[in-house]
Amino acid sequence: MAILTRRNLLKASAVAGVYGVGLGVAGRFNRAEAAPEPRLLKTQTIQANITGTEMTRDVMTYGSDGMPPVLRLRQGEPFAARLINGLAEPTTIHWHGLRLPNAMDGVPFLTQPYVYTDEIFDYAFTPPDAGTFWYHPHCNTLVQMGHGMTGVIVVDNPKDPQFDAEIVVNLRDWRLGGDGQFIAQYRPRDTAKAGTYGTVRSANWQLEPHYDAPAGGLVRLRLAITDVTRIYSFKVEGGEATVIAIDGNPVPKRFPLDVLQLGPGQRLELAIRMPDSEGAMVSIEDIHGTNPTVLTKLRAVGSSLKRNVGDLAPLAFNPVQKADLGSAEHIPVILSASAENATADSICGSLGYNFWAINKVPWSGDKPDRTAPMAELKLGKSYVFDMENLTPHSHPIHLHGMSFTVLSSTTGAVQPFVSDTYLIQPNEKVQLGFVADNLGDWLLHCHIIEHQETGMTSYLRVV
Ligand SMILES: [Cu+2]
């Protein structure tokens with residue numbers, strides 16, 4: 001792919017705008033409906049009250065109303081968004097977990113040019129899957145995401161069972177000092193370990209917000225971990241919580257939530273049966289690490305609806321092809337540390353260090369010095385990632401453009417979850433099966449953004 005210069009950029013944007021979803025991808029990802037009116041997403045720098053006491057300056061967001069809006073799409077219906085860049089630096093939008101044409105994937109150099117200050121880029125695609133997804137930049141990602149640019153996407157299937165309430169929660173931290181202002185987004189010594197944690201935790205940009213829900217009713221709770229670093233272990237107190245979907249896909253078999261560990265980029269959907277008595281609270285907690293934290297609370301209101309989680313019809317599975325394991329080709333994916341030198345030679349992609357590598361190649365992505373793809377895949381063929389984590393840290397590994405099924409793991413029995421992100425533990429070996437059903441260059445990277453930007457990034461080419 002040619003490197004696009006700034007001069008080419010307006011031309012490229014115009015092409016995307018006119019042809020939208022028609023850009024070079026065959027099959028069901030290439031549906032040629034007329035594009036709907038685009039949703040305007042203007043990036044800008046604002047002040048926001050996150051700590052509850054001070055206004056934080058230099059917060060970055062989409063729109064002007066604080067937290068980036070929750071975008072609601074419909075499964076199988078065309079969607080369009082116009083990115084207008086009001087930041088003082090380039091940006092792009094990646095639609096995490098959505099299977100869409102490669103030209104819409106939002107990765108600088110791999111799939112699209114930078115969108116510079118005051119320029120626009122038109123995105124258009126038709127989401128094939130229903131569920132909880134999210135959107136964020138893929139340029140100067142640690143800073144832009146760290147400063148606020150992480151929003152949740154809900155793709156509705158109108159045939160889903162009826163809940164009595166739905167609550168969407170965007171979970172993330174902020175690196176703020178005692179004066180409520182941003183401090184350095186990372187410390188290299190932490191980048192070389194689990195990553196640099198935020199100092200202020202939030203749910204929907206608030207500290208422990210409370211939401212009302214009907215007593216005795218069924219709540220569809222959509223949790224999205226949009227933080228750049230933190231791994232969560234979810235626990236629910238005070239109500240009955242059933243896991244119905246993970247990472248945008250219904251689970252093969254529902255199960256009661258005991259404790260579930262999920263990493264940056266992952267989503268959890270729970271059916272919560274609220275207590276019967278008015279005023280009773282359900283608390284959603286993260287018990288990972290040494291500092292258990294209440295993230296948000298739901299308060300039962302009204303007289304009991306006396307609903308039963310067993311009455312909920314199942315969610316429809318998304319149309320994700322299953323790999324043919326008999327013919328599948330195996331691709332090794334080895335996650336390791338690296339000590340090669342790096343230079344901060346990119347606007348979007350590098351922190352100036354290499355600490356990590358995939359298959360021994362450290363590459364921070366989002367920059368012009370492309371490495372070769374880790375593998376070239378044939379459209380329509382089945383593959384299995386044999387992924388192995390040689391590091392002493394967990395890594396949420398995210399595949400763009402395609403969904404995989406978890407086949408087996410050395411950690412013990414795994415459910416055949418369909419997902420776009422797998423949180424691999426130290427010393428774990430996992431097998432992930434998928435069909436290469438989407439043409440183009442697709443990133444595979446750790447979603448601890450410091451790891452991504454210090455080498456734990458690679459990409460696949462589907463031809
Ligand atoms: Cu990582």
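Counting charges near ILE167 (Lys, Arg +1; Asp, Glu -1) among other residues having Cβ under 13 Å from its Cβ returns a value of 0.
The length gained by stretching the chain between TYR197 and LYS253 to full extension, at 0.36 nm per residue less their Cα-Cα distance, is 16.8 nm.
Within segment 172-244, the percentage of alpha carbon pairs spaced more than 17 angstrom apart rounds to 57%. Share of Cα-Cα pairs in the chain beyond 37 Å, in percent? Roughly 21 percent, rounded to a whole number. Each label was represented as a point 7 Å from its Cα along the Cα-to-Cβ direction; for LYS306 and ARG187 these points are 5.7 nm apart.
Using Stokes-Einstein with the Kirkwood hydrodynamic radius over Cα pairs, what translational diffusion coefficient do you get for segment 197-294 at 20 °C and a viscosity of 1.002 mPa s, in µm²/s rounded to a whole number? Reported coefficient: 152 µm²/s. Adding -39500 (n - 2.57) for every DSSP H run of four residues or longer, then dividing by how many residues the chain holds, sets the calculated 222 nm ellipticity at -1500 deg cm²/dmol.
Fully extending the segment from GLU166 to ASP118 would add 13.7 nm, taking 0.36 nm per residue of separation and subtracting the current Cα-Cα distance. Highest mean packing first, where packing is the average number of other Cβ atoms within 10 Å per residue, the peptides 263-272, 75-84, 290-299 line up as 263-272, 75-84, 290-299. Judged by a Cβ-Cβ distance under 4.7 Å, the unpaired cysteines of the chain are CYS446. Expressed as a fraction of 2.2 N^0.38 Å, the C-alpha radius of gyration for segment 119-189 is 1.52. For the pair MET55 and LEU379, the difference between a 0.36 nm per residue extended length and the Cα-Cα distance amounts to 111.6 nm.
Reducing segment 295-340 and segment 375-446 to their Cα centroids gives an inter-centroid distance of 14 Å. With a cut-off of 14 Å on the backbone N, the residues of segment 220-247 near the modelled label site 7 Å out from SER277 along Cα-Cβ are 238-239. The value given for segment 233-368 is a Kirkwood hydrodynamic radius of 19.3 Å, derived from the mean inverse Cα-Cα separation. Relative to one another, the C-alpha centroids of segment 249-286 and segment 78-134 are positioned 30 Å apart. Sorted into 10 angstrom bins from 0, the C-alpha pair distances of segment 102-248 split as 9, 31, 33, 22, 6, 0 percent.
Figure legend: label point modelled 7 angstrom from the Cα of GLU208 along Cα→Cβ; residues of segment 266-309 with amide N under 17 Å from it are 280-288, 290-300. Dimensions of segment 320-463 along the principal axes, based on C-alpha atoms and rounded to the nearest Å, stand at 43, 34, 19, largest first. According to the Kirkwood relation over distinct C-alpha pairs, the hydrodynamic radius of segment 44-102 is 13.9 Å. Protection proxy ranking of 212-222, 49-59, 92-102, by the mean of other Cβ atoms within 10 Å over each peptide's residues and highest first, is 92-102, 212-222, 49-59.
Bear in mind these aren't lab numbers, they're just calculated from the coordinates by the rules spelled out. All values reported here derive from a predicted model rather than from experimental measurement. Neighbour counts are summed over all protein chains in view; Cβ atoms, including those assigned to glycine, are modelled from backbone coordinates with ideal geometry.
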